[in-house]
Amino acid sequence: MSTSSPNSSASKIPVPALATIAAALVGLSIVLAFFVAPEDADQGISQRIFYFHVPVALTAYACFGWGALKALLLLWKRDERYDLESYVAIHLGTIFGVLTLATGSIWARASWGHWWVWESKQLVLFLVLFLFYSAYFMLRFSIDEGPRRANVSAVYALFGVVLIPISFLAIRLADDFIHPIVFNDRNELNMDGTMFFTFCVCWLAITLLAYSFYRVELLGKRLDANLRDLREALA
Amino acid sequence: MSSGEKYVAAAYGVVFVAVLVYVVIIAAKLARLERETAELAELARKRSSGG
């Protein structure tokens, strides 16, 4: 099994430095969200959920997309390294998907008075995307480790990528509820400049946090594989 | 605390707990890897001293 790490410029940043920057940015995000960004005139304090809910949702989409890209690279270049990278990205996408559903439900309850609305296309489509990638793990672990599992998992991950733009666009095209959007149809900001700045910092913080998790999880899994090889060699 | 404040605290709390759980899982995994590495180092030492 190939356990070498990719040699891109982003992967050269040491994990401790990356995690420190992510933690500092998350702290700054909380300060901005609670003490700097003005209170929304319409929704009041519950609008502050937006600063973490939307970046978490965007990060979930990014993780699923990244997992699909790595799956494509696996099928194209036939390098086993991409199988682990695709799996880790989808694993993190699922974690961020759970957080999106949880924070979204809490915000829906605070704003609309309901935890979940089945008639709402954007909620249901995100749930479909989440369940699709949750089933990825059932498929993956039902097949023995090896090239067949890597190929089947990669093909499944690639199919799911179609759902990402549908789920994302549903929020903009939905006509059932007024789901908040950052930019309106004329590409104008739907919020105050300070609110938008806070949102951007939160987005960067959550993305970096997810990337730190991705690197840490990859390191752990590669170390695990190397130890397994070493154990077999010593046996 | 108003109901709006409770919902905001719950939403941020969910994210915080998730990050905390993730860190605990990673820490447990690192502890296991450290233990396995020590076992393998011990095995390698025995091999080298035993010929």
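A compact table of results
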quantity: Separation in nanometres of the label points that stand 7 Å from Cα toward Cβ, at B:L40 and A:A135; calculated: 3.8 nm
quantity: Segment A:77-169: radius of gyration over Cα atoms, expressed as a fraction of 2.2 N^0.38 Å; calculated: 1.26
quantity: Estimated buried accessible area (total), pair B and A, 1.4 Å, Å² to nearest 100; calculated: 2400 Å²
quantity: Of every Cα-Cα pair in chain A, the percent that sits beyond 32 Å; calculated: 27 percent
quantity: Shape category assigned to chain B from the gyration tensor of Cα positions, a/c cut at 1.5; calculated: prolate
quantity: Within-15-Å neighbourhood charge of A:Q43 [Cβ basis; K, R +1; D, E -1]; calculated: -2
quantity: Shielding of B:37-49 by partner chains, average beta-carbon count, 10 Å; calculated: 2
quantity: Normalised contact order of chain A, rounded percent, pairs of Cα under 8 Å and 6 or more residues apart; calculated: 33 percent
quantity: Residue among A:A57, A:A24, A:A68 with the largest mean-square fluctuation in a Gaussian network model of chain A, springs linking Cα atoms under 10 Å; calculated: A:A24
quantity: Residues in segment A:75-100 occluded by at least 10 Å² - accessible area, probe radius 1.4 Å, against chain by itself; calculated: A:I95, A:L99
quantity: Diffusion coefficient, µm² s⁻¹, Stokes-Einstein with Kirkwood Rh over alpha-carbon pairs of segment A:1-125 at 25 °C and 0.890 mPa s; calculated: 143 µm²/s
quantity: Contact order normalised by residue count of segment A:47-173, Cα under 8 Å, 6+ apart, percent; calculated: 32 percent
quantity: Carbon and sulfur %, accessible surface of segment A:1-152 computed with the full protein complex present, 1.4 Å; calculated: 66 percent
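The values are calculated or read from the model by the stated rules, or taken from the named source; none is laboratory data. Small disclaimer: the values here were computed from a predicted structure and weren't measured. Cβ coordinates were reconstructed from backbone atoms using ideal geometry, including for glycine residues, and neighbour counts include every protein chain displayed. Quick note on the areas: whole protein, heavy atoms, side chains included, nothing else; ligands and nucleic acids left out. Shrake-Rupley method; radii C 1.70, N 1.55, O 1.52, S 1.80 Å.
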